[in-house]
Structures are given as structure tokens and as C-alpha cells.
Amino acid sequence: MSKPEILRRTFSICPVCLERIPACHVQKENGVYLEKACSRHGSFSTIIWRNHVSIKEWLGGTPEIKEGENLNCPHACGLCPDHQQDTCCVLLEVTKRCNLHCSFCFAESGEEADPSLAQITAYLKDLAVPGKTLVQLSGGEPTVREDLPEIVAKAKEAGCRYVQLNSNGIRLAQDRGYVEQLAKAGLSFLFMQFDGTDDQIYRTLRGTELWQVKKKAIENCRDFNIGVTLVPTIVPGINDQSIGEILRFAISMSPTVRGVHFQPVSYFGRVPQAPSDDMRFTLDELIFQIQRQTDGMINMDNLLPSCCDHPLCGFHGSFVVMPEGIVPLSRKREQKPACCSCATPTSAEQNRAFVARHWERDKKKEAGVLSSSMEPDLRNMEYFLQRVKSHGFTITAMAFQDAGNLDLERLRRCSLHVYDRGKIVPFCAYYLTEWDR
């Protein structure tokens, strides 16, 4: 058995009292662990990588956090001068109410009174950078609000360039007129909770059967030209063997479905229990399973580390869906130093443009006509450019952090932020909850 090796030193928090404490990445035989010790509550160890991909290559030249840096993180969170990334997407909760009671819910939905339309309008005016902002309307379940189409319109009036809806899809499946109102108000694209193609999965995670609901919601969005990105929460033992099925279904629903955005389960908000390591699903495990479960249709080399957020926070891959199948447009370059180096982060603005370009459907009526009428040949530049525009597809992931695996090196590069009454807070800091030991 090889001797454990300290790969990086960083800072984290105690999962019990949330005090900032030193931590390190430790390479062991079966994976890389985040290890830390609190003077009051003892030692903690959480697996963060399972050696399917070299973590050193994946991190490349990403700089470590050093003693004396980001001293107020995470307890003074708001975007302080030490934060290293601007806002790519800002999340605005428009309700705490929900029409589901999921076993896993980072937002811990409840029955609080909704903010008024006037309040939300004021928030949108405050958070919007005209012509740039990507706002995600979230909750709770935003579609429980009858005035959601008005909120979408207010976001556009405030200057938000893109308006994204985060939804479980139930109302969108049941109320076709509501979907039409959202489209007319200017909704850019939909982020839809989608955990698999089997109702047993939904009964376990969401408490009810939702497979037919998901398909109907996609159909209604198709009819009003709203691009849909499917968002699976991957939970070991429940749907971690459904990754290939999810991808095949998503590809079959192109061009309405624009991609799949995987979220390995994190343990904050409402969760059944504090996790053991076998309840974790690491980012590299997801990459490996995508290749294995698609029989190599999606290769591990087609998925690249995030250079907007920290590389351990996520990955992205660009593809185009052709009549005969999916074709990768992104591929790891073989070069030295490390091919995945993210020492120089991509700007939030560049990342926002990537997201919008891929997830938003072309609103022009003639979109896709050219590519469907021409001989499908990617060597034809005119056909290629139109096909990528009409049938582009992304595979992305975001590995949120909880009290067990929070790494301040990662948190300071966060570009997904939550708006809370004038304050902008990194997502994983905003939803952070302590554990009872």
C-alpha cells in the first residue's frame, strides 16, 4: 500500500461549527481526500476524487490558496475584493413554496410568503447590469407563482440579457398556456430537474412519478421554442447507473433539449443524513461513468475542466447532434505543460456567452431550415455553422460544496451567485448548512 501524499494545502470549515480551519488534499490508494481538523469537534475526512482521472493533470496550473489570503471567507461572504471571479449567473429566489417535497433540496423549500411583484422588480433593477446579466429565477418552485410571466418581463425590462427558469416542470407540463406566456415574456431557456427515465427514481428522490410529466414539459417547451437543459441530481445507488440513459434521451430530444447539466449530490439544505464516502459521487467518477455508460459515444477527453469556476467545480463539453448521432466539438489537447491548465481563469462574461450560445434556441422562424435542407456534411462550413447553431448540445456539470467538502480555494473562484436583498453571495456559501455530529 502506497503512503498517503499531501497534494495541496487549502482551507475549509468544520462541518459542525462552521469555523474556518486548515485542510489539505491527501492522495491515498483509492482516491483523494479533503482532510481537516477542528480543535473542538475533531478530525474529518471526505473523498473528493476517485482516481479515474489524474487530479494533478485536471488541476493543471491552478494556484493554491495561501496563508493570509481570503481571510474573511466564507463568513463575510458577499463578493469581497478578495473574490477572484465575477458573476456569470445570478440566482434570484422568487418563492420558497414548492409543489414537491424532495428528499434532496438545497433550497429547503417551505411555506414563507412570496415577495411581491414590486419587491422582485426592485431586486431585478438592483442586480441587473443592462445588456449583460444572466438571471436564474429559482425557488422553491417558481411556477407556483401566477405572475411568473410578469417577472420574466420585468427582468427583461430591467436589462437582463438572459432570463433562465429553474423548474421541476410540473406546471409546464400541465399548463400549455402558461408556457406560452413565459415564451412571450422573453424567457431565454429552461433548467429542468431531470433525474432519469424511470419512475422508480422519481418516487425515491421526488416522492411521486414524474417521467411522463418531464416528457410533456419538454414537448410544450418545444412548441414555443424554449430551449431546455436537463439537470439530473446524481445520487449513488439511486440513479448513478442511469447516466447513459439520460444522455441518450436528451440527445434524441435535440434541438429542444440543448444539453445535460449534471449535479452530483451535495449534502446541504434538506438531505436525509450526513454522508459517508460511499454516498458521494465525485466529478471524475461522473466523467468516467459518462464514457462507460455511453459505450464511448462520449469520451472522457471530450469533457474539459471549468476555467471560469475552479476545475474541481465542474466541466463542460460541446457537441453537435447530427442525423446519425452526436459529434464532439471539444477535445483535450495533447500538449505540455498540463493540457487542462486553468491557471488563467476564463472570464465570467466569456462563460456567460458560452452558456447562452448553447442553451438558447434561435428565435427566428427559419432557424434550422438551412441545416435540414442541405446534405448533412460537417466539411461544408455553411452547413456546419448552421447545424451547430440549431443542434448544438452541451454536457456540463457543477459539483456543489457542502460542509464536508467545502474548499475555500474553490469557493473564491465561484461565478454562480445568489442575490439576497442587495447582497451578492457565492452559491455554496449562501446555502451552506452545518451538520449535527
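Structure summary
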| quantity | calculated |
| --- | --- |
| Rg in Å to one decimal, and Dmax rounded to a whole Å, for the chain via C-alpha atoms | 21.2, 68 |
| Stretchable slack from His101 to Ala37, in nm (0.36 nm times residue separation minus alpha-carbon distance) | 19.6 nm |
| Furthest towards positive pole of dipole, Ala37, Thr433, Pro149, structure part the chain, Cβ charges | Pro149 |
| Packing-based order for 400-409, 188-197, 148-157, using average beta carbon neighbours within 10 Å, highest first | 400-409, 188-197, 148-157 |
| Calculated [θ] (222 nm, deg cm²/dmol) that DSSP helices of n ≥ 4 give over the chain, each run adding -39,500 (n - 2.57) | -7500 deg cm²/dmol |
| Kirkwood Rh, angstrom, segment 229-291 [1 / mean 1/r, Cα pairs] | 12.7 |
| Spread of Cα-to-Cα distances over 10 Å intervals beginning at zero, given as percent, for segment 152-283 | 12, 40, 31, 15, 2 |
| Cα principal axis extents for segment 140-216, largest first, Å | 42, 21, 18 |
| Rg/Rg_ref, segment 9-139, where Rg_ref = 2.2 N^0.38 Å and atoms are Cα | 1.39 |
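Where a number appears in this text, it was derived from the coordinates with a stated rule and is not lab data. None of these values were measured; they are calculated from a predicted model. All Cβ positions, even for glycine, are placed from backbone atoms using ideal geometry, and neighbour counts span all protein chains on display.
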